[in-house]
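Enquirer: Sharing a structure with you now.
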Amino acid sequence: MQATGRYNGSPGYRSAMRRLLALAPLLLVAACGGPDVHAGKPVAATSEALVAVALSHLTPNPDEIEYRRAGEPIDDMGTTDPSLGGVLRWKPDPDFVMDVQVQPTPKGFTACSEIYTCAKLGKAELAWQDGGEDAPPYLKVFVVRDGELRSVGYEGGMTGDPRTSLLPFDLRELEQIVTDPAFSMTTTEGAVEAGKELAHDGVKGSRVRPMRLAEPAPPPRTTPRSLAAAVQAHLVQAGEPHLVRSGRAGVFAEPGGTPEPAVGVTLALRHGLTMHVTVIDADDEDVDRCQPTLACWPWDGVLHAGREGLGGSFAHHDGYSVHAWLEGAGVHATRNAWFLSAERGHHAQWIQLDVAGLASLDGEDQDGPEGVSPRTTPELVRAGEKLTWFHD
């Protein structure tokens, strides 16, 4: 019988078509310029494979690649390199270096140290430090996942915040690298194959076009609802998720007068107590002084004040102040010992400690709890909109 171009349904034909269809994705990738770094089974990564994964996201190709060799000594003390990846170099203008690497998460690793400024970058972390006489500016984009530290470091021309600095690449590409599942100690067969081709064929440097991210949108301004959500988040963290019964917007009329400009909430609590939280958007430390009828004392950077039935804590942050009050029977905070003698069954004393925490200074940046400030976060705005117990 003469063959035709029509499907004849024979077992041999079907078997051949299945093999062809199975190969189609690989054939397509090969036709488009190389192996798919996400194809194939999970396998142990090589440095070449991880660099290939990184280059699949990076717009400018480097002029040189120096691959890491896990286990090689890196100092005279016998320390060996635990990482895989490589150092990418561009030349001659601009001259900058990028270090892509994956390693087991170092013991005691912390996301940020004192020498770095840190911020979120999508699903990754961004850290940077300004340059000095002995070192150029440096940034690092990284994630810690599955016991691994996956990072891309950059050393070169940069001024201030890298999100608004003119850089030779798009920061979002670095986020894509470190969050790519194939950028791991366990990668794919496709990535390993791509790494072999890269090591064999080399890479041709491409022109760098400096760019910058769009100016980050300013955080939203705090509203009574977002402030209530921030207070609720603080109480949940303090182990009091069901303390608030209801809430409303309003700035508390303090013994020294009603502060302004300010955003405030009044929250009815269990045990017959009432909490007032006020964020004063003014760089005026005078609003944090002791007020009439109150006994006041400083403690750990915060001014505490009280009389029978009313206790408050005042803190001045960078450009704003927070006043947190507790009102009701049993409140009698007129000295530090009243706080220190608090026990779980002493509701007024115990809750006063939580209220005072809203005005506390947290860390070197002198920031208080997130959202208890003139600016908040989109997450707290959304959380505030969902509060059924809050009344505008």
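The values are calculated or read from the model by the stated rules, or taken from the named source; none is laboratory data. The model shown is predicted, which means the values in this text are computed figures rather than measured ones. Every residue, glycine among them, receives a Cβ derived from its backbone with ideal geometry; neighbour counts consider all protein chains shown.
Enquirer: Return the total of residues in the range 377-392 being surrounded by 13 or more Cβ atoms within 10 Å (Cβ to Cβ), in contact (Cβ under 8 Å) with a residue 12 or more places away in the chain and not hydrophobic (A, V, I, L, M, F, W, C).
Expert: 2
Enquirer: Give me the helices (runs of 4 or more DSSP H) completely within the range 318-392, filtered to those with at least 3 residues that are touching a Ser or Thr at 6+ places or on another chain (Cβ under 7 Å) and at pLDDT 90 or above, ordered by residue number. Let's see the steps before the verdict.
Expert: Details: elements: 336-340, 347-357, 378-385.
By residue number, 378-385.
Enquirer: Against the definition (in a strand (DSSP E or B), touching a residue at least 12 places away in the same chain (Cβ under 8 Å) and surrounded by 13 or more Cβ atoms within 10 Å (Cβ to Cβ)), how does Leu235 come out, yes or no? Full working, then the answer.
Expert: On the way: in a strand (DSSP E or B): no; touching a residue at least 12 places away in the same chain (Cβ under 8 Å): yes; surrounded by 13 or more Cβ atoms within 10 Å (Cβ to Cβ): yes.
Judged against the criteria, Leu235 is not a match.
Enquirer: Can you tell me which residue among Phe339, Phe314 is closer than 15 Å to Ala253 by Cα and aromatic (Phe, Trp, Tyr)? Explain how you work it out, then say what you get.
Expert: Working: Phe339 fails: closer than 15 Å to Ala253 by Cα.
Checking each option against the conditions leaves just Phe314.
Enquirer: Could I ask something else about it? Could you check Thr266 against (1) out of contact with any Leu (no Cβ under 6 Å at 6 or more places or on another chain); (2) not in a strand (DSSP E or B); (3) not hydrophobic (A, V, I, L, M, F, W, C) and say which number it fails?
Expert: Exception for Thr266: condition (2).
Enquirer: Need the failing condition index for Gln291 against (1) out of contact with any Pro (no Cβ under 9 Å at 6 or more places or on another chain); (2) outside any strand (DSSP E or B), just the number.
Expert: (1)
Enquirer: If Asp180 passes every condition in (1) over 12 Å from Val37 (Cβ atoms); (2) within 19 Å of the chain's Cα centre (by Cα) but one, which one does it miss?
Expert: With respect to (1) over 12 Å from Val37 (Cβ atoms); (2) within 19 Å of the chain's Cα centre (by Cα), Asp180 is out only on (1).
Enquirer: Same structure, new question: Could you grab me the full set of residues in the range 117-142 that are farther than 21 Å from Thr59 by Cα and among the β-branched types (Val, Ile, Thr)?
Expert: Step one: of the range 117-142, the residues farther than 21 Å from Thr59 by Cα are 117-120, 127-137.
Matches in the range 117-142: Thr117 only.
Enquirer: In the range 266-323, which residues are without any contact (Cβ under 8 Å) to a residue 40 or more places away in the chain, in contact with a Lys or Arg (Cβ under 7 Å, 6 or more places away or on another chain) and more than 24 Å from Pro241 (Cα to Cα)?
Expert: Passing the criteria: Thr293, Leu294, Trp297.
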